[in-house]
Every structure is written in C-alpha cells, then in structure tokens.
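Peer 1: Before anything else, here's the structure in question.
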Amino acid sequence: MDGVDVVGRVDGRTARAERTRAAIVEAHLALISEGDLRPTGERIAERAGISLRTLWTNFKDMETLFEASGAEVLRQQDAAHRPISPGLPLAKRVDAYCRQRARLLQLIAPSARAAQMREPVSEQLHRNKLKHIERVRDEVEELFAVELAEAGPGREQLVHALVWAWTRPAR
C-alpha cells in the first residue's frame, strides 16, 4: 500500500513538473509572438506565473529553454500539417505545398524572427533551424520524388534550391 502512495506522489510531482515546464515554454513563445523577441528570464517567469528560481530549476539555461520551445514549435507545425498526395498533378501539388508552407511559416514566423537574432550565439537555435530545414527537405523529396528523379545529375542542386527557397528568411 505504501508503494502505491509513493508512486502516486511521484506521478503527481512529475505531472506538476511537466505542467510547469509547459507553462514556461508557453510563456516564452507567447512573449515572442507578442513582439518581445528577446524575453528575459524575469519576463518569462512573470508571464508563466512562477518564480525566477522555478524557471531555472526547470531549465538550466536559455539553451535548454530554446530546445523545449523549438520542440513545441515543431509539435505545433505537426498539428497544423496536412498531407498532400504525391499522386496529384504537379501544378496542384505545387499549389497545395506553397499554400501549406505559407500557413506554416505564418505559424512559426515570430519564433523564427526571434531565433534569427540569437542564432549566431546559440548552438541550440542553430540545431532547431537545421531540424526545420531537414523537415522541409524530407517533404520536398517525398512530394516531388518523380520530378526530382527526372532531374538526373542535377537532382541535388535542385533539391538544395527548392529547400533554400522555402526556408530562407523573409526580407
């Protein structure tokens, strides 16, 4: 019986810790979405309704917070993603893909702007960007496999050009 109580308490603590971490990530992303592209730990903690100490107990530094926030942005993208059939005619695939990319880019735009400012000094933000680019590459290669196969020796150059076009920062 005592073991059950201990397990229950541990599970409750774990659930509370997960809720706290989620609140911190949500606060971080909300501040960024509202235009605070470099939110401080103090502002994040205040927005999450926690102490600064609780913030740093849950995340050892900004890099670990960037990692968790990046994972949440990817989760949001996954939720918003709608599969496009590779069997559609090329023009319809291109149209559907461009519409979807535009929608997803609007979703991640605030985070991307914030990350762009800190990426030169943040290894985690650079890793987050590489994950995003790899996802786009995978989508392009899957959705346009037939056309890419027809590109012959120029296939890799074409893939790089398409990925660059769909991942470069807006000017």
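Peer 1: Just how large is the dipole of the chain about the Cα centre, in debye to the nearest 20, putting +1 at every Lys and Arg Cβ and -1 at every Asp and Glu Cβ? Intermediate results must be reported in sequence, preceding the final value.
Peer 2: Values: 27 positive and 25 negative charges, 94 e Å.
Value, rounded to 20: 460 debye.
Peer 1: Now, a different point. Using +1 at the C-beta of Lys and Arg and -1 at the C-beta of Asp and Glu, which of Ser122, Ala17, Asn58 has the Cα lying farthest in the positive direction of the dipole of the chain?
Peer 2: So the residue we want is Ser122.
Peer 1: Taking only Cα atoms of region 127-171, what ratio of Rg to Rh do you get with Rh as the Kirkwood inverse-distance radius?
Peer 2: Checking Rg against Rh, the ratio lands at 1.01.
Peer 1: Quick one: with all protein chains in place, what share of the accessible area of the chain is carbon or sulfur, to the nearest percent (1.4 Å probe)?
Peer 2: Working: 6160 of 10840 Å².
Accessible surface attributable to carbon and sulfur in the chain totals 57 percent.
Peer 1: Let me ask something else. Mind checking which aspartates and glutamates have their Cα closer than 12 Å to the Cα of Lys131? Skip sequence neighbours fewer than 8 apart in that chain.
Peer 2: List returned: Glu67.
Peer 1: Using alpha-carbon positions, what is the distance between the centroids of region 136-171 and region 13-66, in Å?
Peer 2: Spelled out, the Cα-based centre of one part sits 36 Å from the other.
Peer 1: Return one whole number: the accessible area per residue of region 1-122 in Å², for a 1.4 Å probe.
Peer 2: Per residue, region 1-122 has 62 Å² of solvent-accessible surface.
Peer 1: For Ala109 and Ala71, calculate 0.36 nm times their separation in residues minus their Cα-Cα distance, and state this gained length in nm to one decimal.
Peer 2: Here the answer is 12.2 nm.
Peer 1: In the chain, what is the volume of the convex hull around the alpha carbon atoms, normalised per residue and reported in Å³? Could you put the intermediate results ahead of the total?
Peer 2: Numbers: hull volume 27.7 nm³, N = 171.
Residue-normalised Cα hull volume stands at 162 Å³.
The values are calculated or read from the model by the stated rules, or taken from the named source; none is laboratory data. All values derive from a computational prediction rather than experimental measurement. Cβ sites come from the backbone with ideal geometry, for glycine too, and all protein chains shown count toward neighbours. The area values use the complete protein model at the heavy-atom level, side chains included, leaving out ligands, DNA and RNA. Shrake-Rupley method; radii C 1.70, N 1.55, O 1.52, S 1.80 Å.
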